[in-house]
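To keep things clear, I will list the structure first and then write my remarks on it.
Values in this text are rule-based calculations from the coordinates and carry no lab data. Note that the structure is predicted; figures quoted are calculated from it, not measured. When we count neighbours, we look across all protein chains shown, and the Cβ atoms used for this are built from the backbone with ideal geometry, even at glycine.
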Amino acid sequence: QVQLVESGGGLVQAGGSLRLSCAASGSIFSINSMGWYRQAPGKQREQVALIFISSSITIYADSVMGRFTISRDNAKNTVYLQMKSLTPEDTAVYYCAARGVRTAWYTVGNDYWGQGTQVTVSS
């Protein structure tokens with residue numbers, strides 16, 4: 001089985017920074033992409049940032065472009081989200097996801113989600 005463990009959430013003042021980490025563990029042969037999603041109260045979950053593991057191509061939501069940076073450490077199966085210039089609108093539960101996770105070369109890729117970490121930005 002594959003598990004994702006997130007860390008780094010918390011309370012920060014507007015204009016501040018936070019760094020989220022997400023470590024994938026278990027029987028992992030390969031991962032297609034890892035990303036961060038967030039869900040604010042009363043809103044749908046939205047994709048914040050995505051990184052393709054083999055190419056390092058990144059995709060960002062318009063709302064975080066230029067403020068958030070996603071990066072990965074392939075050796076550790078870990079992805080990071082550096083968040084800067086935070087605003088109250090960034091307040092949400094942030095979820096990590098690993099997409100297209102294969103446990104062996106012959107298996108089909110599956111998606112896995114972390115439990116979420118709360119990020120609260122005060123004004």
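Quick look at the numbers
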quantity	calculated
Ellipsoid semi-axes in whole angstrom, largest first, where each is sqrt(5λ) of the Cα gyration tensor of the stretch 75-123	31, 11, 7
nm² value of the averaged projected area, convex hull over the Cα atoms of the chain	7.2 nm²
With at most 16 other Cβ atoms within 10 Å, longest stretch of the chain clear of loop trypsin sites (Lys or Arg not before Pro) (DSSP)	1-42
Exposed chymotrypsin sites (Phe, Trp or Tyr not before Pro) absent - longest run of the chain, DSSP non-H/G/I/E/B, at most 15 other C-beta within 10 Å	30-104
Net charge contributed by nearby residues that have their C-beta within less than 14 Å of ALA49 (K/R +1, D/E -1)	+3
GNM top mover of ALA104, ALA23, ALA14 - the chain, alpha-carbon springs below 10 Å	ALA104
Per-residue HN-Hα couplings for the stretch 71-79 [Karplus 6.51, -1.76, 1.60; θ = phi - 60°; Hz; x = Gly/Pro]	8, 9, 10, 4, 4, 9, 6, 10, 10
